[in-house]
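Trainee: If you scroll down you'll find the structure; I have some questions about it.
The values are calculated or read from the model by the stated rules, or taken from the named source; none is laboratory data. Values in this document were obtained by computation on a predicted structure and should not be read as measured data. In this analysis, Cβ positions are derived from the backbone assuming ideal geometry, glycine residues included, and neighbour counts consider all displayed protein chains. Remember, those area values only see protein heavy atoms, side chains included, never the ligands or the DNA or RNA. Shrake-Rupley method; radii C 1.70, N 1.55, O 1.52, S 1.80 Å.
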Amino acid sequence: MKIIDAHLHFSDIQSFKDTAKDISYIDYSSKGLKKEFDDNNIIMGIGMGLTEESMGGFPDNNSQNPMGLDLEESIPKFLVYSVGINPIKLSENKNKELIRIERELEKDNVVGIKIYAGYYPYYIYDEVYENVYDLAKKYNMPVTIHSGDTYSQRGLLKYSHPLTVDELAVSHRDINFTIAHFGDPWIMDTAEVIAKNPNVYADLSGLIVGDKEKVDRFKNQRLYLEHIQRGLIYADNYFKILFGSDWPLVQIEPYIDFVKELVPKEFYEYVFYRNALKVFPKINKLL
């Protein structure tokens, strides 16, 4: 089975490096990622653009738009990416930042936009983002929105609640939005938003952080599996669910096995592959 990893990271972020070294025990490099891809028949990954100007600064208010992938000097050919948006810089110099963002959206390996709700103190329907959504519409780019818990104690959860996506989806029906991490821990709220809105999807990335031992422990916890499955069953639409790993926060192979426990086998091809082709239409031209 071919797989597209619709949510991972390839950025020079100190907290990602620390997690890779001390928690998930992975080789956080293009070489390490290529091996995990090859071992699991992953044909493409979609990186979420993110940068920090100072070590340990994530979420960094000083990061310029658009945020890209900067772990190494060049982006591996098997990765495309969604450009990250820093609304603080956007509010300080809107025209300059929008020019930069639009230039990035014109690149062949850019397939979407990423909004870091919770990491920056703006609701996703704030006026600061409106011109970004105009660009998403112009270039037919999906918008992935961080939702749920934040991987930083400096994040503010009120901005990352998945119910905020409902207002955005209603006001921008011509843009597809993906709720990252299935909005965990607000699984049922996410399920309702994707069930209600035809232009809202969700990915299953980042539900566990750790190595194979950690993933297997959670995979064998019936209550945790049911916590996620309840939302999937309520939404009742596996054509709107995407696989993502959130690498380097987790080893990919055991995480694939974990997601297979959540999704009925008859929908594997859609969750792991076909749905990404639908949500990120540009990648159809790149495969």
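Trainee: In percent, how large is the relative contact order of the chain, given Cα pairs closer than 8 Å and 6 or more residues apart?
Mentor: Across the chain, relative contact order equals 19 percent.
Trainee: Now for a separate question. Where in region 80-105 is the amide nitrogen less than 19 Å from a point lying 7 Å along the Cα-to-Cβ axis of Asp134?
Mentor: Counting backbone N atoms under 19 Å from the label point, the list is 85-105.
Trainee: Where both residues lie in the chain, what percent of DSSP beta bridges are antiparallel, nearest 5?
Mentor: Antiparallel bridges make up about 5 percent of those DSSP assigns within the chain.
Trainee: To the nearest 500 deg cm²/dmol, what mean residue ellipticity at 222 nm is calculated for the chain from DSSP H runs of n ≥ 4 alone, each contributing -39,500 (n - 2.57), summed and divided by the residues?
Mentor: That comes out to -10500 deg cm²/dmol.
Trainee: Also: Carbon and sulfur: what percent of region 169-248's accessible surface (1.4 Å probe)?
Mentor: 51 percent
Trainee: Here's something else I'd like to know. Averaged per residue, what accessible area in Å² does the chain show with a 1.4 Å probe, protein chains only?
Mentor: It amounts to 43 Å² per residue over the chain.
Trainee: Once you have the Cα-Cα distance between Glu102 and Lys196, take 0.36 nm times their residue separation minus that, and quote the gain in nm to one decimal.
Mentor: Between Glu102 and Lys196, full extension yields an extra 30.8 nm.
Trainee: Now a separate question. Residue separation times 0.36 nm, minus the C-alpha to C-alpha distance between Gln229 and Asp174: what's the value?
Mentor: 16.9 nm
Trainee: Over region 42-159, what percent of the accessible surface lies on carbon and sulfur atoms, probe 1.4 Å?
Mentor: Within region 42-159, the accessible surface is 44 percent carbon and sulfur.
Trainee: Expressed as a whole number of Å, what is the distance separating the alpha-carbon centroids of region 204-247 and region 96-117?
Mentor: 29 Å
Trainee: Something else about it: Using 27 Å as the Cα-Cα cut-off, could you pick out the over-long pairs in Lys96/Lys278; Lys17/Lys285; Lys35/Lys212; Lys34/Lys137?
Mentor: Among Lys96/Lys278; Lys17/Lys285; Lys35/Lys212; Lys34/Lys137, the Cα-Cα distance tops 27 Å for Lys96/Lys278; Lys17/Lys285; Lys34/Lys137.
Trainee: If you take every residue apart from Met188 with its C-beta less than 15 Å away from the C-beta of Met188, what net charge results, scoring Lys and Arg +1 and Asp and Glu -1?
Mentor: Once positives and negatives cancel, what remains is -4.
Trainee: log₁₀ I(q)/I(0) of the chain at q = 0.15 Å⁻¹, via Debye over equal Cα point scatterers, no solvent, to two decimals?
Mentor: -1.14
Trainee: List the lysines whose Cα lies under 17 Å from the Cα of Lys89, skipping any in the same chain that are fewer than 8 positions away.
Mentor: Qualifying lysines at Cα under 17 Å: Lys114.
Trainee: Just flag the trypsin sites (Lys or Arg not before Pro) in region 74-132 sitting in loop per DSSP whose Cβ has no more than 11 other Cβ atoms within 10 Å.
Mentor: Lys77
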